[in-house]
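Here the structure comes first, spelled out in structure tokens, and everything after it is commentary.
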Amino acid sequence: NKFVASNAPRSISISISRCISTLVLAEHESGSIKPQTVSTVVAANSLGENSSISLLLAGSGSSLQEAAVQAASCHPSVYEVLVADSDKFEYPLAEPWAKLVDFVRQQGDYTHILASSSSFGKNLLPRVAALLDVSPITDVVKILGSNQFIRPIYAGNALCTVRYTGAGPCMLTIRSTSFPVTPITENSESKKATISQIDLSNFKEDSVSKSRYVGRSTQDTERPDLGSARVVITGGRALKSVENFKMIEKLAEKLGGAVGATRAAVDAGYVPNDLQVGQTGKIVAPELYMAFGVSGAIQHLAGIKDSKVIVAVNKDADAPIFQIADYGLVGDLFEVIPELLEKLPEK
Ligand code: FAD
């Protein structure tokens, strides 16, 4: 709190500014912090000048501790890393995690609780908000102040300014493509946050959990992550088969990009649903977005609008994708892609 007294003998002006204390719910994998967590820290840092940021990391074993060390230097504004090491958090199930966030919140006076708008954050934050009886604000793309935010509505066709007036902590999910970060580099000179292990002896979990971990299947791929890739090559329903979709994969490989798909392509079973781009899929903002046989439905466009350069290939000159494309080619993808593959040099 800051008190300012003027020189006038009988008038004293007092200005009180509450410090901002933010808890960021971190995601990690194989001993590394995920890029969307760092974007969330960047967002937390723009909440105000007097901002202190704590990162909450949960999981178990040595990979958690490795991620904690990396988290301590992931951004200069992180002040502490809180580590919850327990088998209960081995898998990212929202129920034990929500209880954990509530447990940690009771020990720190957090004004804000932030998570990324990833499937993890979108699953977890509403549960925590329900436990705390506050209304979360989702998909924030701009921070105007500690309680005023911009978020898209109507599938990204309008932007809405929202002011938080609730009594509890302000809870936000952050759209990571709107808060870009530079890659995390290990720098021994850089400021490191303190790492504290959370004492979980008083932590109580519900004995009956409504969800349980079944399994996880991942694709072993060298390709960049779709959500943060600099180049994204997307295929639509027009690809017609799993076999044909391999052309999109080859092109992505040559251009060092990630593969994306429309919902129609996912529903037809050409690719798994974690490659879906759009309103109900991933939001992307690459330097280059190439769409092959994609009509440009509003729900798809909602996920690609922030791309720097959009290239579309479609055999229908009236396809809506051409309205937002920077470069459009009216042509048959079954001729265009093989030609591109032939002319592009090997990586
Ligand atoms: P189509 O619309 O069938 O378009 C295929 C295009 O390929 C056409 O334009 C055609 O001219 C072109 N084409 C055909 N053959 C060739 C060829 N040989 N060479 C070149 N071009 C060719 N969709 C998403 O993508 N992401 C979402 O997140 C999403 N969320 C949704 C949420 C809701 C609530 C709803 C209702 C829908 C959602 N959809 C989403 C579905 C969306 O409305 C469209 O149905 C879908 O995006 C269409 O996919 P498409 O462009 O591959 O297929």
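Couple of notes before you dig in:
- Principal-axis analysis of the Cα atoms of the chain puts helix 119-132 at an angle of about 30° to the longest axis.
- Calculated on alpha-carbon atoms, Rg and Dmax of region 209-258 in Å: 14.6, 46
- Rg/Rh ratio calculated on Cα atoms of the chain (Kirkwood radius): 1.03
- Max mean-square fluctuation residue, GNM over the chain, Cα-Cα springs under 10 Å, options GLU335, GLU253, GLU90: GLU335
- Pair GLU346, LYS142: separation of 7 Å Cα→Cβ label points (nm): 4.8
- Here's the picture: charge each Lys and Arg Cβ at +1 and each Asp and Glu Cβ at -1 in region 45-169, and of LEU93, THR161, THR111 the one pushed furthest to the positive end of that dipole is THR161.
- To the nearest ten degrees, helix 35-45 and the longest principal axis of the Cα atoms of the chain are 40 degrees apart.
- With 0.36 nm allotted per residue and the present C-alpha distance subtracted, the SER211-ASP109 stretch has 33.8 nm of extension available.
- For the chain, modelled as a GNM whose springs connect Cα atoms under 10 angstrom apart, the maximal fluctuation among ASP139, ASP85, ASP326 occurs at ASP326.
- Modelled spin labels at VAL69 and LYS308, positioned 7 Å past Cα toward Cβ, are 3.4 nm from each other.
- Using a simple spin-label model with pseudo-atoms 7 Å out from Cα toward Cβ, ASP316 and GLU335 lie 1.9 nm apart.
- Region 103-253 - Rg over Rh from alpha carbon coordinates, Kirkwood radius: 1.03
- Build a GNM of the chain with springs between Cα atoms under 10 Å apart, and of ILE113, ILE143, ILE198 the one that fluctuates most is ILE198.
- Taking a Cβ cut-off of under 13 Å around VAL309, the surrounding Lys, Arg, Asp and Glu residues balance to a net charge of 0, with basic ones at +1 and acidic ones at -1.
- Size descriptor, Kirkwood hydrodynamic radius, that averages inverse alpha-carbon separations across region 210-293, Å: 13.1
- 11 Å reach of a label modelled at SER119, 7 Å along Cα-to-Cβ, counting backbone N of region 282-319: 282
- Estimated [θ] at 222 nm from DSSP helical runs (n ≥ 4, -39500 (n - 2.57)) normalised by residues in the chain, nearest 500: -7500 deg cm²/dmol
- Using C-alpha pairs below 8 Å separated by at least 6 residues, the relative contact order for the chain is 13 percent.
- Angle in degrees between helix 62-72 and the longest Cα principal axis of the chain, rounded to the nearest 10: 70
- In summary, the convex hull built on the alpha carbon positions of region 47-181 has an orientation-averaged projected area of 8.5 nm².
Throughout, read-outs are computed from the coordinates displayed, never taken from laboratory work. All values derive from a computational prediction rather than experimental measurement. Every residue, glycine as well, gets a Cβ built from its backbone with ideal geometry; the counts of neighbours run over all protein chains shown.
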